[in-house]
Each structure stands twice: as structure tokens, then as C-alpha cells.
Amino acid sequence: MMLNYDISRLKQRVEFGLVKSVEDDNTGDYKQEFVPQFKLWCGKYTQTQTQQYTLMGNDQQALITIAIRHNSAVKESLVAKLDGVQYNVAAVNSDDQLNAFDTVTLKKISKA
């Protein structure tokens, strides 16, 4: 439960959207491009020791967790863009109580 998260820590903007094939007007070719759907205020969220151990199997350098106001539109099928970096939404820990917050775990998309 995230009822006690300090709203003043929501100082960054995160964009959620999809990666779609978009036509390049100059060449006519299609390329994969991030297409934003909506923006939210967020703050970095520090994980507990237990959460960090749970994530040990993953590359922790590529994972960050943010806190947002509860928003049912945030789903694991979306891509997030924070500070110019694209992430897959790896997990959403949702809390739909009044004035509650969700934690969203983001996994950095590595460039091939």
C-alpha cells in the first residue's frame, strides 16, 4: 500500500505510450517510433531490501521503480519514456484506494 507516499516527491514527467511503425515523410520507409498516449507526474521510488533481493535475477541496472498517482490506464503492455530513455513497463503494483499511489517497475529497453 502506498498511502503514505509524499505527493511533493512527484517532480518528474513520465510519458506512457506505444512503439508503432511510423512512416518517414522524407523516405517513405517505416520505422519503429515511440508514440506517447498520456503523461503523468512521477517520483523515483526506493525499493525495500526484500524487493531488491526478489529482483536479483534481473539486471538491476536496467530496472527502476517510480511512484505515480493511481491510474488504471497504466498497464504492462505500455512503454514509458522518462528522462529521454525508453522502458518497458515490467510490473504495476496498483492501489485503487482514495488518494493512493501505484508503483511501476520499468525495465530499460536495450538498443540492439
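Points to keep in mind about this one:
- For segment 2-45, taking the residues that are assigned to a loop (DSSP other than H, G, I, E, B) and among the aliphatic types (A, V, I, L, M), the one that is modelled with the lowest pLDDT is identified as Met2.
- Among residues of segment 14-28 that are polar (S, T, N, Q), those with a Cβ under 6 angstrom from a residue that is at pLDDT below 90, sequence gap 6+ or separate chain, pair up as Ser21/Tyr30.
- The number of residues in segment 46-70 that are of a type outside the set (S, T, N, Q) and at pLDDT 85 or above comes to 7.
- If you filter segment 79-102 down to residues that are in contact with a helix residue (DSSP H, G or I) (Cβ under 9 Å, 6 or more places away or on another chain) and crowded, with 16+ Cβ neighbours inside 10 Å, you find that the one that is farthest from Glu15 (Cα to Cα) is Phe101.
- Qualifying positions in segment 71-108 - under 17 Å from Gly17 (Cα atoms) and either polar (S, T, N, Q) or at pLDDT below 90 (or both): Asn71, Ser72, Ser77, Gln86, Asn88, Thr105
The values are calculated or read from the model by the stated rules, or taken from the named source; none is laboratory data. Quick caveat: nothing in here was measured; it's all calculated off a predicted structure. Neighbour counts run over all protein chains shown; Cβ positions are idealised from the backbone, glycine included.
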